[in-house]
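Just below is one structure, and these are the notes that go with it.
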Amino acid sequence: MNIPLKTIIVGTGGWGKTWCTRTLPKAIQEGMVEVVAAVDVNQDHLRIAAQHLGLKDNHCFTDVKAALEQTQPQICIIASPPHTHEETAILAMEYGCDVLSEKPIADTLESSLRIVETSRRLNKKMGITMTHRFRRPIWTFRDLVRSGAYGELDYLIMNFNWHRRDGLKERQAKMWNTMLIEGAIHQLDLLENLAGAHCESVYMDSWTPKWGNYTGSAQALLTMRFENSVRASYETAWCNASPQHSWEQEYIRAEFEKATIVLNRGGVEVFLEEDNRMQGNPIGKPVEFKESAKWGNDYLLEAFIQWVHGGQKMETDIESNLHSMILLFASMESSKQGIPVNVKTFARENGRID
């Protein structure tokens, strides 16, 4: 049996609060981690973390470096805002930690590349918690797409939209392209995963309507072609009048030679070609969800810890996730230029580390 890993969490408000109140207490109970420090600039957030993690005042910090020096953790979990990820991740690796970070890797491609370079140079493991991909309905849908039972995959359609015209926190409202950096990164990562190949070229038209409270774009339409010739169409919108397909309510359709597979508002159906020939209305069969003991961050934390202990590399390691970040920023470049962008060419021109 492995000894619990000494753990520090940086960022205990927002999504970090979920780590402190749900994911980490379960991991402590299961003997996977020993939380030795929590870091946040907000004392109220720290008090909540301390209460749920059993931390004394001298294990709650407002400075990351002090926490690392005084507690000497083995792993660092980052749940602070994206613009803090580079400094925190690099500092933690320099102090000997393997790192598990909330998405995105960082708020810029340049920062993301520097983090990857540090991970390689110091030979430290780093994972990114692309939680969206590891929800039960999406995992069920993904298993069907990957099964090979329906012939060749032709194309994918994905719709994500909701009503957040004025509802974002001040930090997010001021953040450049927060819809893309903190939101669309989930769907782009998922689309590449479903397609089974990296995106070859992308065209994006993005904008913010006059009723949107955003810096940068809040709406976008994308057309993608993958290296295996699968295509995708993707809508992401944060300023719509109603949330038709928001978080955990998204719409994804996969078109195969022998079937159409649909994920719609949490339900999955398969529409076989043989059942729908010449039909006026589609005939589908509901699919039972995949069973697993853990989902989301519970699953990803366990996968990361097993990797740190010498097991299989987690699926969302930083090297793999870097492809999604490059695709994200290539999409932004496409919108800026008004033309399709070759993703590999964009990566070479912007310092991709091979």
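Taking segment 195-220 and a reference point 7 angstrom along Cα→Cβ of residue 166, the backbone N atoms nearer than 20 Å belong to 208-219. Remark: segment 136-141, residue by residue, has Karplus-estimated 3J(HN,Hα) of 4, x, 5, 4, 4, 4 Hz, where x stands for each Gly or Pro and the curve is 6.51 cos²θ - 1.76 cosθ + 1.60 at θ = phi - 60°.
The angle separating the long axis of helix 185-195 from the principal Cα axis of greatest extent in the chain is about 50 degrees. Seen from residue 11, the other residues with C-beta closer than 11 Å to its C-beta sum to a net charge of -1, counting Lys and Arg as +1 and Asp and Glu as -1. Please report, as a whole percent, how much of the solvent-accessible surface of the chain comes from carbon and sulfur atoms (probe radius 1.4 Å). C and S fraction of accessible area: 47 percent.
Debye sum, Cα scatterers, segment 68-183, no solvent: what log₁₀ I/I(0) at q = 0.16, 0.22, 0.24 1/Å? The Cα Debye sum returns log10 ratios of -0.91, -1.16, -1.26.
In the chain, Cα pairs under 8 Å separated by at least six residues give a relative contact order of 17 percent.
Can you classify segment 1-55 as rounded, prolate or oblate using the Cα gyration tensor, where a ≥ b ≥ c are the square roots of its eigenvalues, rounded means a/c under 1.5, and otherwise it's prolate if a/b beats b/c and oblate if not? It comes out prolate by the Cα gyration axes. Please compute the contact order of segment 197-354 in relative form: average sequence separation of alpha-carbon pairs under 8 Å and at least six residues apart, divided by the residue count, as a percent. With pairs under 8 Å counted, the relative contact order is 22 percent. Cβ screening of the chain for cysteine pairs under 4.7 Å finds these without a partner: 20, 60, 199, 239. Between the helical axis of 296-308 and the longest alpha-carbon principal axis of the chain there is an angle of about 60 degrees.
Taking the DSSP bridge list for the chain and keeping only pairs wholly inside it, about 60 percent are antiparallel.
Residues in the chain average 46 Å² of solvent-accessible surface per residue, probe 1.4 Å, ligands and nucleic acids excluded.
Applying 1/(1 + (r/R0)^6) with R0 = 25 Å to the Cβ-Cβ distance of residue 350 and residue 15 gives a FRET efficiency near 0.35. Net charge dipole, segment 73-204: roughly 360 debye, given to the nearest 20, about the Cα centre with Cβ charges of +1 for Lys and Arg and -1 for Asp and Glu.
Close amide H partners of residue 61, meaning residues 5 or more places away or on another chain with modelled amide H under 5 Å apart, are 38, 39, 40. Using only Cα atoms, tell me the angle between helix 85-94 and the longest principal axis of the chain; keep it within 0 to 90° and round to the nearest 10. For 85-94 against the chain, the angle is about 50 degrees.
The values are calculated or read from the model by the stated rules, or taken from the named source; none is laboratory data. In this text the structure is predicted, and so the values were computed from the model without any measurement. Counting neighbours? That spans all protein chains shown, and the Cβs are built from the backbone with ideal geometry, glycine included. The area values use the complete protein model at the heavy-atom level, side chains included, leaving out ligands, DNA and RNA. Shrake-Rupley method; radii C 1.70, N 1.55, O 1.52, S 1.80 Å.
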